[in-house]
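A quick write-up on the structure given underneath.
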Amino acid sequence: MIGASKSSAIRRFKWLEQKLAKDDNIRTQYHDFLREYVALDHMAPVQDDGENISKVCYLPHHPIVKESSSTTEVRIRFRKFPIAQVADIEKMYRQISMNPADRSLQRILWRFDASEPIQAYELGTVTYGLAPSSFLATRTLLQLVEDEGIPFPNASTAIKKNVYVDDLIAGANSIEAAIQLRGELSNLLQKGGFRFRKWCSNALPVLADLPPELLGTQHSMKFDPEESIKTLGIRWEPEADVFRFDVAVTVQNQRPTKRTILSAIAQLYDPLGIISPVVVSAKILMQNLWLLALGWDDEVSPDLGRKWTQFCEQLPALSSFRIERCAFAPDFLSAELHCFADASELAYGACIYALSETVDKRVHVCLLASKSRVAPLKPLTIPRLELCAALLASRLYEKIIRSLEMEIEGCFFWSDSTIVLQWMKAPPRTRKTFVANRIVEIQATTVGSHWQHVSGRENPADMISRGVFAEELINSELWKRGPKWLREDKSTWQVQILPETKFTVEE
(Lines give C-alpha, C1' and ligand atoms only; values in the text may rest on other atoms or scores of the structure.)
Protein backbone atom coordinates (compact mmCIF):
# COMPACT_ATOMS: atom_id res chain seq x y z
CA MET A 1 0.00 0.00 0.00
CA ILE A 2 1.33 3.42 -0.94
CA GLY A 3 -0.52 5.27 1.81
CA ALA A 4 -1.97 8.76 2.12
CA SER A 5 0.32 11.06 0.13
CA LYS A 6 -1.96 14.00 -0.62
CA SER A 7 -1.62 15.82 2.70
CA SER A 8 2.16 15.73 2.44
CA ALA A 9 1.99 16.87 -1.19
CA ILE A 10 -0.18 19.84 -0.18
CA ARG A 11 2.36 20.95 2.41
CA ARG A 12 5.20 20.66 -0.11
CA PHE A 13 3.21 22.52 -2.74
CA LYS A 14 2.55 25.47 -0.42
CA TRP A 15 6.24 25.58 0.42
CA LEU A 16 6.98 25.57 -3.34
CA GLU A 17 4.64 28.51 -3.93
CA GLN A 18 6.41 30.50 -1.23
CA LYS A 19 9.79 29.72 -2.76
CA LEU A 20 8.70 30.63 -6.30
CA ALA A 21 7.25 33.91 -5.04
CA LYS A 22 10.78 34.98 -4.10
CA ASP A 23 12.18 34.58 -7.62
CA ASP A 24 10.12 35.98 -10.50
CA ASN A 25 12.42 34.52 -13.15
CA ILE A 26 12.26 30.94 -11.87
CA ARG A 27 8.52 31.26 -11.20
CA THR A 28 7.84 32.41 -14.77
CA GLN A 29 9.95 29.61 -16.24
CA TYR A 30 8.27 26.96 -14.12
CA HIS A 31 4.79 28.23 -14.94
CA ASP A 32 5.65 28.19 -18.66
CA PHE A 33 7.10 24.71 -18.29
CA LEU A 34 3.89 23.32 -16.77
CA ARG A 35 1.68 25.24 -19.22
CA GLU A 36 3.54 23.42 -21.98
CA TYR A 37 2.88 20.15 -20.16
CA VAL A 38 -0.85 20.87 -20.26
CA ALA A 39 -0.80 22.14 -23.85
CA LEU A 40 0.97 19.01 -25.09
CA ASP A 41 -1.39 16.79 -23.08
CA HIS A 42 1.53 15.49 -21.02
CA MET A 43 -0.56 16.10 -17.92
CA ALA A 44 -4.27 16.49 -17.46
CA PRO A 45 -6.52 17.67 -14.58
CA VAL A 46 -8.38 14.98 -12.64
CA GLN A 47 -10.99 14.96 -9.92
CA ASP A 48 -10.06 13.45 -6.58
CA ASP A 49 -13.24 11.59 -5.61
CA GLY A 50 -11.73 9.82 -2.64
CA GLU A 51 -10.19 6.98 -4.58
CA ASN A 52 -8.56 4.04 -2.84
CA ILE A 53 -5.32 5.54 -1.50
CA SER A 54 -3.43 2.37 -2.45
CA LYS A 55 -3.99 3.25 -6.11
CA VAL A 56 -3.16 6.95 -5.93
CA CYS A 57 0.14 8.68 -5.26
CA TYR A 58 0.79 12.43 -5.16
CA LEU A 59 4.35 13.40 -6.00
CA PRO A 60 6.16 16.48 -4.67
CA HIS A 61 7.79 18.54 -7.41
CA HIS A 62 10.06 21.57 -7.81
CA PRO A 63 12.16 23.27 -10.53
CA ILE A 64 15.71 22.12 -11.23
CA VAL A 65 18.03 24.91 -12.35
CA LYS A 66 20.84 23.74 -14.61
CA GLU A 67 23.75 26.12 -15.07
CA SER A 68 24.73 24.33 -18.24
CA SER A 69 22.15 22.89 -20.58
CA SER A 70 24.44 20.45 -22.36
CA THR A 71 25.61 17.74 -20.02
CA THR A 72 26.93 14.41 -21.19
CA GLU A 73 29.10 11.85 -19.57
CA VAL A 74 32.52 11.23 -21.05
CA ARG A 75 33.26 7.65 -22.03
CA ILE A 76 36.46 6.06 -23.33
CA ARG A 77 34.86 5.50 -26.77
CA PHE A 78 34.50 9.27 -27.11
CA ARG A 79 38.34 9.42 -27.21
CA LYS A 80 38.64 6.78 -29.91
CA PHE A 81 37.39 8.54 -33.06
CA PRO A 82 38.91 11.57 -34.84
CA ILE A 83 35.42 12.93 -35.60
CA ALA A 84 33.24 13.44 -32.53
CA GLN A 85 29.59 14.37 -32.32
CA VAL A 86 27.24 14.87 -29.39
CA ALA A 87 23.52 15.54 -29.16
CA ASP A 88 20.60 14.94 -26.86
CA ILE A 89 17.08 13.63 -27.36
CA GLU A 90 14.49 16.37 -27.11
CA LYS A 91 12.02 15.89 -24.24
CA MET A 92 12.91 12.21 -24.14
CA TYR A 93 10.93 11.25 -21.04
CA ARG A 94 7.92 13.18 -22.24
CA GLN A 95 7.81 11.30 -25.55
CA ILE A 96 7.12 8.04 -23.70
CA SER A 97 3.50 7.49 -22.74
CA MET A 98 2.60 5.75 -19.47
CA ASN A 99 -0.07 3.07 -19.28
CA PRO A 100 -3.32 4.89 -18.38
CA ALA A 101 -3.89 2.37 -15.60
CA ASP A 102 -0.69 3.56 -13.88
CA ARG A 103 -1.15 7.32 -14.25
CA SER A 104 -2.94 7.67 -10.92
CA LEU A 105 0.44 6.87 -9.33
CA GLN A 106 1.87 10.01 -10.98
CA ARG A 107 -0.27 12.83 -9.66
CA ILE A 108 0.89 16.31 -8.75
CA LEU A 109 -0.79 19.35 -7.27
CA TRP A 110 -0.67 22.69 -9.08
CA ARG A 111 -2.40 25.97 -9.81
CA PHE A 112 -1.40 28.74 -12.18
CA ASP A 113 -2.88 31.47 -9.98
CA ALA A 114 -2.83 31.72 -6.20
CA SER A 115 -6.49 32.77 -6.24
CA GLU A 116 -7.51 29.44 -7.81
CA PRO A 117 -8.12 26.23 -5.86
CA ILE A 118 -5.33 23.67 -5.88
CA GLN A 119 -5.90 21.23 -8.75
CA ALA A 120 -4.77 17.60 -9.07
CA TYR A 121 -3.11 16.61 -12.35
CA GLU A 122 -2.09 13.21 -13.68
CA LEU A 123 1.18 12.96 -15.56
CA GLY A 124 0.76 10.94 -18.71
CA THR A 125 4.43 10.40 -19.58
CA VAL A 126 7.57 9.13 -17.91
CA THR A 127 8.28 11.54 -15.06
CA TYR A 128 11.53 13.24 -14.13
CA GLY A 129 13.20 12.29 -10.87
CA LEU A 130 11.60 8.91 -10.17
CA ALA A 131 13.83 5.90 -9.56
CA PRO A 132 12.63 3.87 -12.59
CA SER A 133 12.49 6.81 -15.03
CA SER A 134 15.93 6.42 -16.62
CA PHE A 135 15.41 2.66 -16.95
CA LEU A 136 12.03 3.10 -18.62
CA ALA A 137 13.42 5.64 -21.08
CA THR A 138 16.48 3.56 -21.92
CA ARG A 139 14.42 0.38 -22.22
CA THR A 140 12.08 2.15 -24.64
CA LEU A 141 15.02 3.14 -26.86
CA LEU A 142 16.33 -0.42 -26.86
CA GLN A 143 12.89 -1.69 -27.81
CA LEU A 144 12.84 0.81 -30.67
CA VAL A 145 16.11 -0.68 -31.90
CA GLU A 146 14.62 -4.17 -31.70
CA ASP A 147 11.49 -3.14 -33.61
CA GLU A 148 12.88 -0.75 -36.22
CA GLY A 149 16.67 -1.04 -36.17
CA ILE A 150 17.43 -3.50 -38.97
CA PRO A 151 17.60 -0.83 -41.75
CA PHE A 152 19.86 1.30 -39.53
CA PRO A 153 22.74 -0.94 -38.35
CA ASN A 154 25.14 1.86 -37.42
CA ALA A 155 22.49 3.78 -35.51
CA SER A 156 21.39 0.62 -33.70
CA THR A 157 24.90 0.01 -32.45
CA ALA A 158 25.30 3.64 -31.43
CA ILE A 159 22.06 3.67 -29.44
CA LYS A 160 23.05 0.49 -27.60
CA LYS A 161 26.57 1.64 -26.78
CA ASN A 162 26.82 5.42 -27.13
CA VAL A 163 23.55 6.79 -25.75
CA TYR A 164 23.38 7.42 -22.02
CA VAL A 165 19.73 8.09 -21.09
CA ASP A 166 19.08 11.07 -23.42
CA ASP A 167 22.68 11.97 -24.34
CA LEU A 168 24.51 10.79 -27.44
CA ILE A 169 28.30 10.69 -27.38
CA ALA A 170 29.47 9.17 -30.63
CA GLY A 171 32.19 9.40 -33.23
CA ALA A 172 33.39 8.24 -36.62
CA ASN A 173 36.60 7.86 -38.58
CA SER A 174 35.62 10.32 -41.30
CA ILE A 175 33.25 13.21 -41.95
CA GLU A 176 31.29 11.08 -44.41
CA ALA A 177 30.83 8.30 -41.86
CA ALA A 178 29.80 10.82 -39.20
CA ILE A 179 27.15 12.33 -41.50
CA GLN A 180 25.84 8.87 -42.35
CA LEU A 181 25.63 7.94 -38.67
CA ARG A 182 23.83 11.17 -37.83
CA GLY A 183 21.31 10.53 -40.60
CA GLU A 184 20.67 6.96 -39.48
CA LEU A 185 20.23 8.06 -35.87
CA SER A 186 17.74 10.76 -36.79
CA ASN A 187 15.73 8.44 -39.04
CA LEU A 188 15.63 5.62 -36.50
CA LEU A 189 14.53 7.87 -33.66
CA GLN A 190 11.80 9.39 -35.80
CA LYS A 191 10.26 5.91 -35.95
CA GLY A 192 9.60 6.24 -32.23
CA GLY A 193 8.62 9.90 -32.22
CA PHE A 194 11.97 11.10 -30.85
CA ARG A 195 14.23 13.84 -32.19
CA PHE A 196 17.91 14.61 -31.67
CA ARG A 197 18.84 18.24 -31.04
CA LYS A 198 21.81 20.31 -29.82
CA TRP A 199 24.16 18.63 -32.28
CA CYS A 200 27.79 19.57 -31.84
CA SER A 201 30.99 18.30 -33.47
CA ASN A 202 34.66 19.14 -33.79
CA ALA A 203 34.15 19.06 -37.58
CA LEU A 204 31.68 21.70 -38.80
CA PRO A 205 30.97 19.93 -42.15
CA VAL A 206 29.23 17.20 -40.13
CA LEU A 207 26.60 19.77 -39.14
CA ALA A 208 26.43 21.77 -42.35
CA ASP A 209 22.96 20.65 -43.51
CA LEU A 210 21.24 20.89 -40.13
CA PRO A 211 18.69 23.67 -39.42
CA PRO A 212 19.76 26.14 -36.70
CA GLU A 213 17.16 24.90 -34.22
CA LEU A 214 18.84 21.47 -34.11
CA LEU A 215 22.32 22.81 -33.46
CA GLY A 216 23.94 23.20 -30.09
CA THR A 217 25.92 26.39 -29.64
CA GLN A 218 27.30 26.46 -33.20
CA HIS A 219 24.33 28.32 -34.69
CA SER A 220 26.48 30.39 -37.03
CA MET A 221 28.39 27.36 -38.32
CA LYS A 222 31.57 29.06 -37.12
CA PHE A 223 33.66 28.06 -34.15
CA ASP A 224 33.73 30.39 -31.19
CA PRO A 225 37.18 30.17 -29.56
CA GLU A 226 35.51 30.33 -26.13
CA GLU A 227 32.89 27.71 -26.96
CA SER A 228 32.83 24.55 -24.89
CA ILE A 229 30.45 21.73 -24.08
CA LYS A 230 30.24 20.70 -20.44
CA THR A 231 30.61 16.99 -19.86
CA LEU A 232 29.92 16.39 -16.16
CA GLY A 233 32.85 18.32 -14.78
CA ILE A 234 34.94 18.25 -17.94
CA ARG A 235 34.64 20.78 -20.72
CA TRP A 236 35.17 19.80 -24.33
CA GLU A 237 36.31 22.58 -26.66
CA PRO A 238 35.16 21.46 -30.12
CA GLU A 239 37.40 23.83 -32.12
CA ALA A 240 40.67 22.73 -30.49
CA ASP A 241 39.17 19.29 -29.78
CA VAL A 242 40.58 19.21 -26.25
CA PHE A 243 39.30 18.64 -22.73
CA ARG A 244 39.74 21.23 -20.00
CA PHE A 245 38.55 21.57 -16.43
CA ASP A 246 36.51 24.18 -14.62
CA VAL A 247 37.04 24.12 -10.86
CA ALA A 248 34.73 26.13 -8.62
CA VAL A 249 36.24 25.26 -5.22
CA THR A 250 36.92 28.44 -3.25
CA VAL A 251 38.76 29.13 0.00
CA GLN A 252 36.43 30.15 2.82
CA ASN A 253 37.29 32.93 5.23
CA GLN A 254 36.65 30.84 8.32
CA ARG A 255 38.62 27.71 9.20
CA PRO A 256 37.27 24.75 7.20
CA THR A 257 35.44 21.77 8.70
CA LYS A 258 35.23 18.16 7.62
CA ARG A 259 31.82 18.89 6.11
CA THR A 260 32.98 21.84 3.98
CA ILE A 261 36.10 20.00 2.82
CA LEU A 262 34.18 16.89 1.76
CA SER A 263 31.61 19.06 -0.03
CA ALA A 264 34.41 20.76 -1.97
CA ILE A 265 36.16 17.50 -2.83
CA ALA A 266 32.91 16.11 -4.21
CA GLN A 267 32.99 18.86 -6.86
CA LEU A 268 36.22 17.46 -8.31
CA TYR A 269 34.44 15.11 -10.70
CA ASP A 270 36.92 13.38 -12.98
CA PRO A 271 35.38 10.30 -14.66
CA LEU A 272 38.43 9.44 -16.77
CA GLY A 273 41.05 10.19 -14.14
CA ILE A 274 42.62 12.95 -16.22
CA ILE A 275 43.54 14.89 -13.08
CA SER A 276 43.92 11.93 -10.68
CA PRO A 277 47.17 13.21 -9.09
CA VAL A 278 45.34 16.33 -7.94
CA VAL A 279 42.19 14.53 -6.83
CA VAL A 280 44.15 11.95 -4.82
CA SER A 281 45.83 14.78 -2.92
CA ALA A 282 42.39 15.82 -1.72
CA LYS A 283 41.51 12.21 -0.89
CA ILE A 284 44.67 11.86 1.23
CA LEU A 285 43.80 15.01 3.14
CA MET A 286 40.27 13.74 3.69
CA GLN A 287 41.59 10.44 5.03
CA ASN A 288 43.67 12.37 7.56
CA LEU A 289 40.47 14.00 8.77
CA TRP A 290 38.85 10.61 9.31
CA LEU A 291 41.86 9.44 11.29
CA LEU A 292 41.43 12.39 13.64
CA ALA A 293 37.81 11.33 14.30
CA LEU A 294 36.55 14.89 13.96
CA GLY A 295 32.87 15.74 13.95
CA TRP A 296 31.35 17.01 10.73
CA ASP A 297 31.31 20.61 11.89
CA ASP A 298 34.47 20.62 14.00
CA GLU A 299 37.17 22.96 12.77
CA VAL A 300 40.26 21.20 11.43
CA SER A 301 43.69 21.75 12.94
CA PRO A 302 45.70 24.79 11.80
CA ASP A 303 48.18 22.51 10.02
CA LEU A 304 45.48 20.71 7.99
CA GLY A 305 43.75 24.02 7.41
CA ARG A 306 46.92 25.45 5.85
CA LYS A 307 47.29 22.36 3.63
CA TRP A 308 43.68 22.65 2.50
CA THR A 309 44.04 26.36 1.79
CA GLN A 310 47.22 25.74 -0.22
CA PHE A 311 45.46 23.00 -2.18
CA CYS A 312 42.47 25.24 -2.99
CA GLU A 313 44.61 28.22 -3.94
CA GLN A 314 46.31 26.20 -6.70
CA LEU A 315 43.13 24.61 -8.08
CA PRO A 316 42.30 27.53 -10.44
CA ALA A 317 45.48 26.66 -12.32
CA LEU A 318 43.62 23.60 -13.66
CA SER A 319 41.66 25.91 -15.95
CA SER A 320 44.76 26.10 -18.15
CA PHE A 321 45.14 22.31 -18.31
CA ARG A 322 44.41 20.88 -21.76
CA ILE A 323 44.54 17.34 -23.13
CA GLU A 324 43.47 16.00 -26.53
CA ARG A 325 40.02 14.50 -26.74
CA CYS A 326 41.10 12.00 -29.40
CA ALA A 327 43.85 9.90 -27.85
CA PHE A 328 44.97 8.35 -31.15
CA ALA A 329 46.85 9.80 -34.12
CA PRO A 330 44.83 10.50 -37.29
CA ASP A 331 44.88 7.53 -39.70
CA PHE A 332 47.09 5.52 -37.36
CA LEU A 333 48.42 2.19 -38.59
CA SER A 334 48.82 0.40 -35.26
CA ALA A 335 48.02 1.04 -31.61
CA GLU A 336 49.32 -0.15 -28.26
CA LEU A 337 48.36 0.41 -24.65
CA HIS A 338 50.97 1.15 -21.96
CA CYS A 339 49.84 0.76 -18.35
CA PHE A 340 51.88 2.16 -15.46
CA ALA A 341 51.38 1.30 -11.79
CA ASP A 342 52.91 2.72 -8.60
CA ALA A 343 52.26 2.95 -4.87
CA SER A 344 53.40 4.77 -1.76
CA GLU A 345 52.42 4.67 1.90
CA LEU A 346 49.73 7.26 1.14
CA ALA A 347 48.10 6.09 -2.10
CA TYR A 348 48.41 3.89 -5.15
CA GLY A 349 47.23 4.17 -8.71
CA ALA A 350 47.50 3.29 -12.37
CA CYS A 351 47.43 5.23 -15.62
CA ILE A 352 47.09 4.00 -19.20
CA TYR A 353 48.47 5.62 -22.35
CA ALA A 354 47.46 5.04 -25.96
CA LEU A 355 50.44 4.76 -28.31
CA SER A 356 49.57 5.00 -31.99
CA GLU A 357 51.90 4.95 -34.98
CA THR A 358 51.18 6.31 -38.45
CA VAL A 359 52.33 4.99 -41.81
CA ASP A 360 55.22 7.47 -41.86
CA LYS A 361 56.43 6.15 -38.46
CA ARG A 362 55.21 9.12 -36.42
CA VAL A 363 54.41 8.04 -32.88
CA HIS A 364 51.67 9.69 -30.83
CA VAL A 365 51.23 9.01 -27.11
CA CYS A 366 48.38 10.36 -24.98
CA LEU A 367 46.98 9.71 -21.54
CA LEU A 368 43.80 7.66 -21.89
CA ALA A 369 42.59 7.13 -18.32
CA SER A 370 43.75 6.56 -14.77
CA LYS A 371 42.52 5.34 -11.39
CA SER A 372 43.62 6.24 -7.87
CA ARG A 373 43.08 4.82 -4.41
CA VAL A 374 44.20 6.01 -1.01
CA ALA A 375 46.14 3.42 0.95
CA PRO A 376 43.98 1.46 3.43
CA LEU A 377 44.00 2.53 7.06
CA LYS A 378 45.36 -0.88 8.02
CA PRO A 379 49.07 -0.60 7.21
CA LEU A 380 50.41 -2.68 4.34
CA THR A 381 53.99 -3.14 3.21
CA ILE A 382 55.09 -1.16 0.18
CA PRO A 383 55.44 -4.34 -1.95
CA ARG A 384 51.83 -5.26 -1.15
CA LEU A 385 50.65 -1.75 -2.02
CA GLU A 386 52.62 -1.98 -5.28
CA LEU A 387 50.80 -5.25 -5.96
CA CYS A 388 47.47 -3.51 -5.33
CA ALA A 389 48.52 -0.87 -7.87
CA ALA A 390 49.34 -3.59 -10.42
CA LEU A 391 45.93 -5.15 -9.82
CA LEU A 392 44.26 -1.76 -10.30
CA ALA A 393 46.16 -1.35 -13.58
CA SER A 394 44.95 -4.75 -14.81
CA ARG A 395 41.32 -3.95 -13.95
CA LEU A 396 41.48 -0.55 -15.62
CA TYR A 397 43.03 -2.18 -18.70
CA GLU A 398 40.20 -4.72 -18.84
CA LYS A 399 37.56 -1.97 -18.78
CA ILE A 400 39.31 0.07 -21.44
CA ILE A 401 39.78 -2.87 -23.80
CA ARG A 402 36.11 -3.74 -23.46
CA SER A 403 35.08 -0.13 -24.11
CA LEU A 404 37.39 0.63 -27.04
CA GLU A 405 36.36 -2.35 -29.15
CA MET A 406 39.31 -1.91 -31.48
CA GLU A 407 42.34 -3.90 -32.50
CA ILE A 408 45.29 -3.33 -30.17
CA GLU A 409 48.68 -4.60 -31.33
CA GLY A 410 49.98 -5.13 -27.83
CA CYS A 411 49.76 -4.08 -24.22
CA PHE A 412 52.70 -3.34 -21.93
CA PHE A 413 52.49 -3.08 -18.15
CA TRP A 414 55.14 -1.13 -16.28
CA SER A 415 56.03 -1.13 -12.59
CA ASP A 416 59.04 0.17 -10.67
CA SER A 417 58.66 -2.64 -8.11
CA THR A 418 61.07 -5.46 -8.87
CA ILE A 419 59.54 -7.48 -6.04
CA VAL A 420 56.07 -7.44 -7.60
CA LEU A 421 57.49 -8.35 -11.00
CA GLN A 422 59.25 -11.32 -9.45
CA TRP A 423 56.12 -12.39 -7.61
CA MET A 424 54.30 -12.61 -10.93
CA LYS A 425 56.93 -14.93 -12.40
CA ALA A 426 56.40 -17.68 -9.84
CA PRO A 427 53.30 -19.91 -9.56
CA PRO A 428 50.72 -18.18 -7.32
CA ARG A 429 50.44 -21.23 -5.07
CA THR A 430 53.96 -20.56 -3.79
CA ARG A 431 52.83 -17.23 -2.31
CA LYS A 432 50.76 -16.27 0.71
CA THR A 433 47.01 -15.84 0.26
CA PHE A 434 47.02 -12.02 -0.04
CA VAL A 435 49.63 -12.09 -2.79
CA ALA A 436 48.43 -15.29 -4.49
CA ASN A 437 44.84 -14.10 -4.96
CA ARG A 438 45.94 -10.86 -6.60
CA ILE A 439 48.54 -12.52 -8.79
CA VAL A 440 45.93 -14.98 -10.09
CA GLU A 441 43.61 -12.15 -11.15
CA ILE A 442 46.43 -10.10 -12.69
CA GLN A 443 47.69 -13.06 -14.70
CA ALA A 444 44.19 -13.92 -15.92
CA THR A 445 43.38 -10.34 -16.92
CA THR A 446 46.70 -9.52 -18.60
CA VAL A 447 47.38 -12.84 -20.31
CA GLY A 448 49.48 -12.25 -23.43
CA SER A 449 50.68 -8.85 -22.20
CA HIS A 450 54.19 -7.84 -21.18
CA TRP A 451 55.19 -6.84 -17.65
CA GLN A 452 58.34 -4.75 -17.57
CA HIS A 453 60.35 -2.64 -15.12
CA VAL A 454 60.47 1.15 -15.34
CA SER A 455 62.49 3.50 -13.17
CA GLY A 456 60.57 5.50 -10.58
CA ARG A 457 61.49 8.88 -12.08
CA GLU A 458 60.05 7.80 -15.46
CA ASN A 459 56.87 6.29 -14.05
CA PRO A 460 53.93 8.71 -14.50
CA ALA A 461 51.89 6.73 -11.95
CA ASP A 462 54.32 8.07 -9.34
CA MET A 463 52.36 11.34 -9.50
CA ILE A 464 49.23 9.47 -8.45
CA SER A 465 50.90 7.61 -5.59
CA ARG A 466 52.23 10.78 -3.95
CA GLY A 467 49.62 13.30 -5.09
CA VAL A 468 50.54 16.66 -6.60
CA PHE A 469 49.15 20.17 -6.70
CA ALA A 470 47.56 21.59 -9.83
CA GLU A 471 50.54 23.68 -10.92
CA GLU A 472 52.84 20.66 -11.04
CA LEU A 473 50.30 18.64 -13.02
CA ILE A 474 49.66 21.20 -15.77
CA ASN A 475 53.40 21.55 -16.42
CA SER A 476 54.08 17.82 -16.56
CA GLU A 477 54.63 16.32 -20.01
CA LEU A 478 55.33 13.01 -18.26
CA TRP A 479 51.72 12.93 -17.07
CA LYS A 480 50.15 13.94 -20.38
CA ARG A 481 52.32 11.82 -22.71
CA GLY A 482 54.24 9.32 -20.61
CA PRO A 483 58.01 8.84 -20.68
CA LYS A 484 59.87 10.37 -23.63
CA TRP A 485 61.28 7.03 -24.69
CA LEU A 486 57.76 5.76 -25.49
CA ARG A 487 57.85 7.97 -28.57
CA GLU A 488 61.19 6.55 -29.69
CA ASP A 489 62.04 3.34 -31.49
CA LYS A 490 61.53 0.25 -29.31
CA SER A 491 65.14 -0.78 -29.82
CA THR A 492 66.19 2.27 -27.79
CA TRP A 493 63.92 1.60 -24.81
CA GLN A 494 65.82 1.26 -21.57
CA VAL A 495 64.02 -1.90 -20.46
CA GLN A 496 65.53 -3.69 -17.50
CA ILE A 497 65.56 -7.46 -17.92
CA LEU A 498 65.05 -8.94 -14.48
CA PRO A 499 66.94 -12.09 -13.45
CA GLU A 500 65.01 -15.27 -12.94
CA THR A 501 66.19 -15.62 -9.33
CA LYS A 502 63.54 -15.30 -6.65
CA PHE A 503 63.54 -12.63 -3.99
CA THR A 504 63.19 -13.76 -0.39
CA VAL A 505 61.18 -10.86 1.00
CA GLU A 506 58.46 -10.57 3.58
CA GLU A 507 55.15 -10.62 1.72
Filter pass, Leu181 being touching a residue at least 60 places away in the same chain (Cβ under 8 Å), more than 23 Å from the chain's Cα centre (by Cα) and either closer than 19 Å to Glu90 by Cα or loosely packed, with under 14 Cβ neighbours inside 10 Å (or both) | yes
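Would you please name the residue that is most open to solvent (accessible area, probe 1.4 Å), looking only at residues in segment 3-32 that are in a helix (DSSP H, G or I) and polar (S, T, N, Q)?
The first filter runs over segment 3-32 and keeps only residues in a helix (DSSP H, G or I), leaving 6-21, 24-32.
Those still in the list that are polar (S, T, N, Q) too: 7-8, 18, 25, 28-29.
Numbers: Ser7: 68, Ser8: 49, Gln18: 121, Asn25: 96, Thr28: 70, Gln29: 101 Å².
My answer is Gln18.
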Within segment 429-460, track down each residue that is open to solvent by 30 Å² or more (accessible area, probe 1.4 Å) and more than 28 Å from Trp479 (Cβ to Cβ).
-> Arg429, Thr430, Arg431, Lys432, Thr433, Phe434, Asn437, Val440, Gln443, Ala444, Val447
Find all pairs meeting these conditions: Cβ atoms under 8 angstrom apart; at least six residues apart or on different chains; first residue within segment 119-143 and among the polar types (S, T, N, Q); second residue open to solvent by 60 Å² or more (accessible area, probe 1.4 Å).
-> Gln119/Pro45; Thr125/Gln95; Thr125/Ser97
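Conditions (1) touching a helix residue (DSSP H, G or I) at 6+ places or on another chain (Cβ under 9 Å); (2) closer than 17 Å to Asp241 by Cβ; (3) not in a helix (DSSP H, G or I), marked per residue:
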site: Ala158; (1), (2), (3): yes, no, no
site: Lys161; (1), (2), (3): yes, no, no
site: Ala170; (1), (2), (3): yes, yes, yes
site: Ile179; (1), (2), (3): yes, no, no
site: Gly183; (1), (2), (3): yes, no, no
site: Asn187; (1), (2), (3): yes, no, no
site: Lys198; (1), (2), (3): yes, no, yes
site: Pro205; (1), (2), (3): yes, yes, no
site: Asp209; (1), (2), (3): yes, no, yes
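So which of Ile352, Ile323 is in contact with a Cys (Cβ under 8 Å, 6 or more places away or on another chain), among the β-branched types (Val, Ile, Thr) and surrounded by fewer than 24 Cβ atoms within 10 Å (Cβ to Cβ)? Steps first, answer last, please.
Working: Ile352 fails: surrounded by fewer than 24 Cβ atoms within 10 Å (Cβ to Cβ).
None of the other options fit; the residue is Ile323.
Test of understanding: among Lys191, Lys160, Lys198, which residue is without any contact (Cβ under 8 Å) to a residue 24 or more places away in the chain and either open to solvent by less than 20 Å² (accessible area, probe 1.4 Å) or not aromatic (Phe, Trp, Tyr) (or both)?
Details: Lys191 fails: without any contact (Cβ under 8 Å) to a residue 24 or more places away in the chain; Lys198 fails: without any contact (Cβ under 8 Å) to a residue 24 or more places away in the chain.
Answer to the check: Lys160.
Would you be able to tell me the number of residues in segment 373-410 that are open to solvent by less than 10 Å² (accessible area, probe 1.4 Å) and within 26 Å of the chain's Cα centre (by Cα)? Break it down stepwise before answering.
Quick first cut of segment 373-410, residues open to solvent by less than 10 Å² (accessible area, probe 1.4 Å) only: 375, 385, 387, 389-390, 393-394, 400, 404.
Keeping just the survivors that are within 26 Å of the chain's Cα centre (by Cα) gives 375, 389-390, 393-394, 400, 404.
So the answer is 7.
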Per the filter on segment 271-298, residues more than 30 Å from Arg77 (Cα to Cα) and touching a Phe, Trp or Tyr at 6+ places or on another chain (Cβ under 9 Å) are Leu285
Matching residues, segment 356-371, being open to solvent by 10 Å² or more (accessible area, probe 1.4 Å) and under 21 Å from Pro277 (Cα atoms) = Lys371
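The values are calculated or read from the model by the stated rules, or taken from the named source; none is laboratory data. This one's a predicted model, so the numbers in the text were calculated from it and none came from an experiment. Cβ sites come from the backbone with ideal geometry, for glycine too, and all protein chains shown count toward neighbours. Heads up: the accessible areas ignore ligands, DNA and RNA and are worked out on the full protein's heavy atoms, side chains in. Shrake-Rupley method; radii C 1.70, N 1.55, O 1.52, S 1.80 Å.
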